[in-house]
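*Asks:* Here you go, one structure.
The values are calculated or read from the model by the stated rules, or taken from the named source; none is laboratory data. Here the structure is a predicted model, which means the values were calculated and not measured. Because the Cβ atoms are built from the backbone with ideal geometry, glycine has one as well, and the counts that use them run over all protein chains shown. We work out accessible area using only protein heavy atoms, side chains counted, and drop any ligands, DNA or RNA first. Shrake-Rupley method; radii C 1.70, N 1.55, O 1.52, S 1.80 Å.
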Amino acid sequence: MRRRTHSRRQPKAQPIGPLQTFHIDGLTHEAKGVARLNGKVVFIDGALPGEAVSAQITKTGRHFDEAKLSEVIEPSQYRIDPSCQHFFECGGCSFQHLSWQEQVSAKSTWLKGQLRNVMSDEDMHILVDKGEGYRRRARIAIDYKSGGLGFRAKASKEIIAIEQCVVLTEPLQAVFSSLTATLPNNELVKSLGHIELLEDSKGVSVLFRLTIAIADSLTAQWQTWAKSEDIVLYWQAPKETKACVELEDMRYYDLDSMRFNYHPQDFIQVNTMMNQKMVAQAIEWLNLTQEDVILDLFCGVGNFSLPLAKRAKSVIGVEVQEAMVQAAQNNAELNGLDNVSFVAADLTQPIAKKFIKDKVTKILLDPPRAGAFEFLDTIIKIKPMQILYVSCNASTLARDAEYLVTKGYRVLRVSLMDMFPQTSHVETMMLLQRKK
């Protein structure tokens, strides 16, 4: 069966070769099909393993070429029609043409490849929830020529105006529809940098990032709109790095029978159900006792720290930003926890003496994409019995884990957590144990 297909939106590159037939035998973590032509690797965006496709080379390199998909000649049995009409243009999702189960399988295969030097051949634990309608936060871009709202095209600054986004929660989809119907012809458009949508246990909110000041009458008009939509509206003024929000207007989400207050622009996990499952799995894997002293690195507003504190002797949370440290401390007090403390520290600098004195037994770390390599020697000096590493970047996790293994740790368990279905992103949890 021959099937015409839309090409994924790519940077504008003219074909430099004729149409050729390729047989796809692999898939990259960016959801590009992998083929070979005369022994050289060719990446084809939109192609799936097992397929025969027609494509044209658009870019050549020393080690690999890139090609633009023209037609799927023999489709994979796992190819599906994307549920979003904007999939072939919008750069937000990369996997909607592949069934969700196979998405997870592809991510698992890739993750095992990344961690092949530190983990055994045992089955990887898979943590999933639903494949769509999960995202509780989104930053919306504005096309100033048309006034349209949407997301950037893949590997491009071009903004793709969309009518809906299937990965957003239903309440966010509803407020997005209201914005697309109201904002394009409104004078506020020319004063906006971007828009942030957010849903949590408090409800739905919208943040307008202003590039220039606006009249009070326009502010009042949009406050009326917000009230009609039953949402909270925040404003980030020009030149402000963060919106000014009063304490009583902070956001909150519920987790583990506790409430977590946070600023609407603070980092929180975007997938509510997966966050709950992730925290529950961390608690299970660490098997906490009243003898455990836990060090939670990159602790944010206490997403892991507070649930751990309910089950351990004590918890010390460490975060770079002073504001986040204060928010975490406030959350501990809000939930009546007096066995957890928070400190601000540069996690690229050695600070082992304090934590050795505190007799830390286990460490949880959830670093940014760059990983935690600069802090690993500090961790090794602390000598925790266990390290629970949560990562949003498998390549830096692999690098850090390999180093820890050379320093006397072994990998006990690994879990792929599908925090971002329909995209190529992978969240991973790894438990390491110090060898006796």
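*Asks:* Failed condition for residue 108, given (1) open to solvent by less than 30 Å² (accessible area, probe 1.4 Å); (2) without any contact (Cβ under 8 Å) to a residue 40 or more places away in the chain; (3) closer than 26 Å to residue 122 by Cα, with all others met?
*Replies:* Single failed check for residue 108: (2).
*Asks:* On to the next question. Scan the range 395-428 residue by residue and report those that are at pLDDT 95 or above and touching a His at 6+ places or on another chain (Cβ under 8 Å).
*Replies:* 413, 414, 415, 416, 419 - these are the residues of the range 395-428 that are at pLDDT 95 or above and touching a His at 6+ places or on another chain (Cβ under 8 Å).
*Asks:* Going by the structure shown, is residue 329 part of a loop (DSSP other than H, G, I, E, B), open to solvent by 30 Å² or more (accessible area, probe 1.4 Å) and modelled with pLDDT of 95 or more?
*Replies:* So residue 329 does not fit the description; no.
*Asks:* Out of all the residues in the range 191-204, is one or more farther than 21 Å from residue 267 by Cβ and either open to solvent by 10 Å² or more (accessible area, probe 1.4 Å) or in a strand (DSSP E or B) (or both)?
*Replies:* yes
*Asks:* How about the range 349-364: which of its residues are more than 30 Å from the chain's Cα centre (by Cα) and either touching a residue at least 40 places away in the same chain (Cβ under 8 Å) or open to solvent by 90 Å² or more (accessible area, probe 1.4 Å) (or both)?
*Replies:* Once the filter is applied, which keeps residues that are more than 30 Å from the chain's Cα centre (by Cα) and either touching a residue at least 40 places away in the same chain (Cβ under 8 Å) or open to solvent by 90 Å² or more (accessible area, probe 1.4 Å) (or both), the range 349-364 yields 353, 354, 357, 358, 359.
*Asks:* Next question. Collect the residues in the range 98-124 that are assigned to a loop (DSSP other than H, G, I, E, B) and touching a Phe, Trp or Tyr at 6+ places or on another chain (Cβ under 7 Å), keeping them in residue-number order. Spell out the reasoning first.
*Replies:* Taking the range 98-124 as the starting set, the residues that turn out to be assigned to a loop (DSSP other than H, G, I, E, B) are 99, 115-124.
Matches in the range 98-124: 99 only.
*Asks:* Just need a number here: residues in the range 149-174 that are part of a loop (DSSP other than H, G, I, E, B), under 16 Å from residue 85 (Cα atoms) and of a type outside the set (S, T, N, Q). Reasoning before the result, please.
*Replies:* So the first thing to find is which residues in the range 149-174 are part of a loop (DSSP other than H, G, I, E, B), and the list is 154-158, 162-167, 169.
Going one step further and asking which of them are under 16 Å from residue 85 (Cα atoms), we end up with 154, 162-167.
After this cut, where a residue has to be of a type outside the set (S, T, N, Q) as well, the list is 154, 162-163, 165-167.
Within the range 149-174, residues that are part of a loop (DSSP other than H, G, I, E, B), under 16 Å from residue 85 (Cα atoms) and of a type outside the set (S, T, N, Q) number 6.
*Asks:* Another one. Could you list, in sequence order, all residues of the range 271-319 that are surrounded by fewer than 19 Cβ atoms within 10 Å (Cβ to Cβ), within 21 Å of residue 414 (Cβ to Cβ) and among the polar types (S, T, N, Q)?
*Replies:* Scanning the range 271-319 gives 276, 287.
*Asks:* Working carefully through the options 51, 71, 89, find the one that is touching a residue at least 24 places away in the same chain (Cβ under 8 Å), closer than 22 Å to residue 155 by Cα and surrounded by 19 or more Cβ atoms within 10 Å (Cβ to Cβ).
*Replies:* Being touching a residue at least 24 places away in the same chain (Cβ under 8 Å), closer than 22 Å to residue 155 by Cα and surrounded by 19 or more Cβ atoms within 10 Å (Cβ to Cβ) holds for just one of 51, 71, 89, which is 89.
*Asks:* Right, something else. Residues in the range 401-429 that are farther than 30 Å from residue 166 by Cα and either in contact with a strand residue (DSSP E or B) (Cβ under 7 Å, 6 or more places away or on another chain) or β-branched (Val, Ile, Thr) (or both): how many?
*Replies:* 10
*Asks:* Follow-up. Looking only at the range 334-348, count every residue that is under 28 Å from the mean Cα position of the chain (by Cα) and either surrounded by 15 or more Cβ atoms within 10 Å (Cβ to Cβ) or over 24 Å from residue 405 (Cβ atoms) (or both) and tell me the total. If you could, list the steps in order and put the result at the bottom.
*Replies:* Our first condition is that a residue be under 28 Å from the mean Cα position of the chain (by Cα); within the range 334-348, this holds for 334-335, 340-348.
Of the ones still in play, those that are also either surrounded by 15 or more Cβ atoms within 10 Å (Cβ to Cβ) or over 24 Å from residue 405 (Cβ atoms) (or both) are 334-335, 340-347.
Qualifying residue count for the region: 10.
*Asks:* Pick from the range 54-68 the residues that are open to solvent by 30 Å² or more (accessible area, probe 1.4 Å) and either β-branched (Val, Ile, Thr) or touching a Leu at 6+ places or on another chain (Cβ under 8 Å) (or both): which of them is farthest from residue 33 (Cα to Cα)?
*Replies:* 60
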